[in-house]
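The values are calculated or read from the model by the stated rules, or taken from the named source; none is laboratory data. This structure is a prediction, so every number in the text was calculated from the model and none was measured. Backbone-built Cβ (ideal geometry, glycine too); neighbour counts: all protein chains shown. Accessible surface areas use protein heavy atoms only, side chains included; no ligands, DNA or RNA. Shrake-Rupley method; radii C 1.70, N 1.55, O 1.52, S 1.80 Å.
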Amino acid sequence: MTEVKNKMRKIAYIVFVLVAISACRDKDEMPCDVPTGCDSYAPIGENYNLNLPFYAPEPLIPTDNPMKVNSVILGRHLFWDKRLSGDNTMSCGTCHSPSTAFSDSSPTSVGIDGIFGTRNAMALVNLVFQPIVMWDGRQPDLEAQSGAPVEDPIEMHETWSNVISKLETDTMYQRMFTDAYGSQCMDKERATKSIAQFVRTMNSFNAKYDRVIYGPEQFTSLEQLGLDIWNDEGGSPPAVPMGQEGADCFHCHSLATEIFTDFQFHNNGLDSVFTDLGQGGITGNPNQYGRFKTPTLRNIEYSAPYMHDGRFNTLEEVVEHYNSGGHPSATVDPFMKFTVGGLQLTEQKKAGLVAFLKALSDPEFITNPEFQDPF
Ligand code: HEC
Ligand code: HEC
């Protein structure tokens, strides 16, 4: 008898759920547990002008998330809002801090529960041009990456539905979501689209490098030496027939892109045995083990420590890594062709590379009031 009753209850419950779902579909305004989403995800209002110099690469902006002034403002507030984390102590800006070019001075970042991740927080610089997101490229775009840290158990350790409940009652956000999307409905998609837009505004083209190449300033002789050998092949003839006794940086950190990356993955010889598989860890392809995104080098002076695990503290150590040739492995990049013997750069040339790297610093970028914590 009780068995029959239980069965009846179950059927009644299923019927109730089905009716509830179809009722929600019928009536837009009906309050309901079944998520129906917001009415629109198209950012509205005045266009945001990225103000890029003529030589900047082509910005990558998804057609369904055009840059708008109000959406960028909303994104900036969300980026800096600690309510995005489980215990309300951590914002995106905690790990991506202005003074370190929006990266973290700790080799690997620590989340709200005191647990360290395994990677160095990346500097958020000129991402609007970069098709690869993350050291291993695991995120398809900045929209996806703006959602992930919130739910990452060793980063912000929160759920988006909790975040939205925390923000929903805040009249400032009610106004900002209305200004950005036409209604005060809040959800993960609206929030992450706006954060992605804010990150796309974080662009840097006012380094000494720009003022020399496209303006009247001059490099010091040391900086000029660094630039010259940047673009020269390594090795000296006759041992290396095409050798130019240079530093060979240009193959991967290409000057032509203006942001000193070739938008590719490479294994730059950090290890012979990989503790982190990088791109290969995502794709499962052994030919991609130990390969990581070539990062931009703009503002590199500020974003120590260096590499995906923050293993080098200074630019001098980085230069010494390349000078030594690094470590051979099955996937080491062909452009790291001096893994045996090294580049054998003189002390003067090594100092030149460091001086040139520092000419990519843009103090106005890291102090730009538009990017700072608005709270
Ligand atoms: C606990 C520290 C931490 C917090 C909080 C954090 N990040 Fe990060 N972020 C990292 C680390 C570490 C990486 C590199 C991870 C990797 O590649 O595996 C990263 C990478 C990124 C990248 C990729 C950059 C590139 O060059 O490809 C973006 C974009 C980014 N974070 C944006 C955000 C946003 C937006 C938030 C807030 C919603 C946020 N991060 C919160 C630590 C953090
Ligand atoms: C084979 C391609 C390649 C060559 C050649 C190359 N790099 Fe790199 N570089 C990379 C990659 C890939 C990374 C990130 C590697 C990682 O973290 O695992 C990197 C990282 C760096 C970093 C640290 C960036 C950061 O945000 O932590 C600096 C600085 C740097 N390179 C400078 C140079 C200089 C100077 C040269 C020439 C002497 C050079 N690179 C040559 C591919 C290359």
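Summary of computed values
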| read-out | value |
| --- | --- |
| The chain: angle of helix 142-151 to the longest principal axis, Cα-based, in degrees nearest 10 | 70 |
| Heavy-atom accessible area per residue - segment 277-357, 1.4 Å, Å² | 43 |
| Dipole magnitude of the chain about its Cα centre (Cβ charges: Lys, Arg +1; Asp, Glu -1), debye to nearest 20 | 960 |
| Whole-percent carbon and sulfur share, accessible surface of segment 99-209, 1.4 Å | 54 |
| Degrees between helix 347-358 axis and first principal axis of the chain (Cα, 0 to 90, nearest 10) | 30 |
| Label zone at Asn285, where the point sits 7 Å out along the Cα-to-Cβ direction: segment 220-264 residues whose backbone N lies under 17 Å | 263-264 |
| Radius, Kirkwood style, for segment 34-142 when every pair of distinct Cα atoms is counted (Å) | 16.3 |
| Of all DSSP beta bridges in the chain, antiparallel share, percent nearest 5 | 90 |
| Cβ-defined net charge surrounding Ala123, 10 Å radius [Lys, Arg +1; Asp, Glu -1] | 0 |
| Listed residue pairs exceeding 32 Å between alpha carbons, taken from Lys188/Lys358; Lys82/Lys208; Lys193/Lys293; Lys208/Lys293 | Lys188/Lys358; Lys82/Lys208 |
| Overall dimensions of segment 150-277 as given by Cα atoms, namely Rg and Dmax in Å | 23.8, 72 |
| Tilt relative to the chain, helix 188-200 - C-alpha long axis, 0 to 90 degrees, to 10 | 20 |
| Local electrostatic count, Val240, Cβ distance below 12 Å [Lys/Arg +1, Asp/Glu -1] | -3 |
| Solvent accessible area, Å² - Leu357, 1.4 Å probe, full protein context | 10 |
| Sulfur and carbon atoms: percent of accessible area, segment 281-375 [1.4 Å] | 55 |
| Kirkwood Rh and Cα Rg combined as Rg/Rh, the chain | 1.07 |
| Stretchable slack from Ser106 to Asp262, in nm (0.36 nm times residue separation minus alpha-carbon distance) | 53.5 nm |
| Under the Karplus curve 6.51 cos²θ - 1.76 cosθ + 1.60, θ = phi - 60°, whole-Hz ³J(HN,Hα) for segment 306-312, x wherever Gly or Pro sits | 10, 6, 4, 10, x, 6, 9 |
| Summed side-chain charge close to Glu143 - residues other than Glu143 whose Cβ falls under 15 Å, Lys, Arg +1, Asp, Glu -1 | +1 |
| Derived scalar couplings ³J(HN,Hα) [segment 179-184; Karplus, 6.51 cos²θ - 1.76 cosθ + 1.60; whole Hz; x for Gly, Pro] | 4, 7, 10, x, 8, 7 |
| The chain: calculated mean residue ellipticity at 222 nm from DSSP helix runs of at least 4, using -39500 (n - 2.57) | -10500 deg cm²/dmol |
| Largest-first principal axis extents, alpha carbons of segment 216-375, Å | 50, 41, 27 |
| Charge dipole (debye, nearest 20) of segment 135-260; +1 at Cβ of Lys and Arg, -1 at Cβ of Asp and Glu | 480 |
| For segment 359-374, Karplus couplings with θ = phi - 60° (6.51, -1.76, 1.60), whole Hz, Gly/Pro x | 6, 9, 7, 10, x, 5, 5, 6, 9, 3, x, 5, 9, 7, 4, x |
| Average accessible area per residue (Å²) across segment 39-204 - probe 1.4 Å, nucleic acids and ligands excluded | 41 |
